[in-house]
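> First the structure, then my questions, so here it is.
Read-outs: derived from the displayed coordinates by stated rules, not from any lab. All values reported here derive from a predicted model rather than from experimental measurement. Glycine gets a Cβ as well: all are built from the backbone with ideal geometry, and neighbour counts include every protein chain shown.
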There are 2 protein chains.
Amino acid sequence: MTRVVGTRERILTATAELFRRQGYNGTGLKQVTQAAAAPFGSLYHFFPGGKVELGEAVIRSSGAAYLGLFELIYDAATDPASAVTDFFDAAAVVLEETGYLDACPIGTVALEVASTNDRLRRATDDVFRSWIDAAAGRLADAGIASDRADELATALVAGVEGGFMLSRAARSPEPMRVTGRLLRQLVEAALSPPRGSARSPGRGRRASRRS
Amino acid sequence: MTRVVGTRERILTATAELFRRQGYNGTGLKQVTQAAAAPFGSLYHFFPGGKVELGEAVIRSSGAAYLGLFELIYDAATDPASAVTDFFDAAAVVLEETGYLDACPIGTVALEVASTNDRLRRATDDVFRSWIDAAAGRLADAGIASDRADELATALVAGVEGGFMLSRAARSPEPMRVTGRLLRQLVEAALSPPRGSARSPGRGRRASRRS
């Protein structure tokens, strides 16, 4: 039983790594089973729907793992604004240390499938939404009004994705770091609104937007 | 002569359209010549280096065209801050009107090739850099210090790319619009620094960073 579970996990891990490097269309199933040191038949045993089913499982599991990483960094940060730069800076370090390979696990695939495979597009949308919800919930807990927290969270996820794209293209950590520094200022401004603006901490309590 | 030029242009246009929809790896050369209504042999006539040479030409020509679009919108805007939301809102409208097909011409390819083809990676980096330089130059002309203008321009390009990704995944214009509204606030803040901060308009004059 352990071995069977292990093979499925190895296939998921190897596929996630290949998606990161070369995307969905650039990754072949033979390459996956070779990288996972798994017999070719095992792929259809665990993913009878083939590449699309495997792709969806990788998108969702990678998305959940990355969400956990965000939560870990956020909860270790001294305050919400520092959490923003901590996260962007950590992503910049990982990019540098891995030769600009280890980026967002689903960004490349999200663009590839957006207009070509609706099942996979929905999976990437669910993952992005889960990240936005997690960030928005924490910003709301810090006292930012719910609508504003959701907007900030959306811009943060967009900024991370764009940061990955520009930093990988330039092979430089700077675009990621710079984007994080600027977005941090928006979070700081939302936490300390200018005098004269109405700020009702009570509205910071954020009801789940998805029932 | 007109006909020969026409064929090359048709191949570039058709390839750009296919890259937008399905990326570099998802696009085959037969598909390109069919979409361009061009004989298969003409592709190697105009692009003897095959798919990589065609890919580079498409990245650079699409990048230049998109730069022109940015300049058009910027120069028509009433002020630099409005130019930001004008651009993001225009992108959101085009996304909606084209069923989320007509997005950044090079974003998908940039992620696909970042770790797999250095010639194409450099081409995407050059294009991103040209966009950042164009936006930074205009922000510096508006009185923002050169370093700050470059940072803002980097975050703007990252935000547009992330906005395309999230809006296409969600099939909603909102992520693009929201990101534009928030980034506009950063430009507004840079144009009106809080009292007490040193602002030297003289530094707004921006020397070319690339000699």
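> Count, for each residue of B:101-114, the Cβ atoms from other chains sitting within 10 Å of its Cβ, then give me the mean as a whole number.
Neighbouring Cβ atoms belonging to other protein chains average 6 per residue here.
> Also, I was wondering about something else. B:Ala189 versus A:Ala142, label points 7 Å from Cα toward the beta carbon: distance in nm?
Each label point lies 7 Å from its Cα, and together they span 1.2 nm.
> Under 13 Å from the Cβ of A:Phe19, count the other residues' Cβ atoms, weight Lys and Arg +1, Asp and Glu -1, and hand me the total.
So the surrounding residues net to -1.
> For the range A:100-186, max minus min Cα coordinate along each principal axis, in Å, sorted largest first?
38, 33, 17
> Still on this structure: Distances in nm, one decimal, shortest first, from A:Glu188 to the same residue in every other copy, taking the label point 7 angstrom along Cα→Cβ.
Nearest first, the other copies' label points are 1.8 nm away.
> Working only with C-alpha atoms, what are the Rg and Dmax values of the protein assembly as shown, expressed in angstrom?
Every Cα atom of the protein assembly as shown included, Rg and Dmax give 22.0, 71 Å.
> Starting from the eigenvalues of the Cα gyration tensor, five times each then square-rooted, give me the equivalent ellipsoid semi-axes of the range A:137-193, largest first, whole Å.
25, 11, 7
> Now for a separate question. Under the rule that an exposed site lies in a DSSP loop and has at most 10 other Cβ atoms within 10 Å, name the longest stretch of chain A with no trypsin sites (Lys or Arg not before Pro) of that kind, not counting the sites themselves.
The segment A:1-194 is the longest one with no such site.
> Give me D for the range B:22-174 in µm² s⁻¹, whole number, from Stokes-Einstein with Rh from the Kirkwood sum over alpha-carbon pairs, 37 °C and 0.692 mPa s.
Using the Kirkwood radius from Cα pairs, D works out to 196 µm²/s.
> Per residue of A:148-155, how many C-beta atoms from partner chains lie within 10 Å of its own C-beta, taken as a mean?
Averaged over the peptide's residues, the number is 5.
> Using a label point 7 angstrom from Cα along Cα-to-C-beta, what distances in nm, from shortest up, separate A:Leu69 from the other copies?
Values, ascending and in nm: 3.1.
> Before rounding to the nearest 500, sum -39500 (n - 2.57) across all DSSP H runs of length at least 4 in chain B and divide by the residue total; then give [θ] at 222 nm in deg cm²/dmol.
Theoretical 222 nm ellipticity from helices: -24500 deg cm²/dmol.
> Considering every residue in A:33-41, what mean count of other chain Cβ atoms within 10 Å of its Cβ is obtained?
Counting other chains' Cβ atoms within 10 Å and averaging over A:33-41 gives 0.
> Which of A:Pro39, A:Pro173, A:Pro80 moves the most in a Gaussian network model of chain A with Cα springs under 10 Å?
In the Gaussian network model the winner is A:Pro39.
> Follow-up. Along Cα→Cβ at 7 Å, what distances in nm separate the B:Lys30 label point from those on the other copies, shortest first?
B:Lys30 label point versus its equivalents elsewhere: 1.8 nm.
> Sticking with this one: For the range B:1-62, max minus min Cα coordinate along each principal axis, in Å, sorted largest first?
Here the spans come out as 31, 22, 19 Å, largest first.
> Moving to a separate point now. Need the full-extension length gain, A:Phe40 to A:Asp118, defined as separation in residues times 0.36 nm minus the C-alpha distance. One decimal, nm.
Values: separation 78, 0.36 × 78 = 28.08 nm, distance 2.63 nm.
Here the segment from A:Phe40 to A:Asp118 would lengthen by 25.4 nm.
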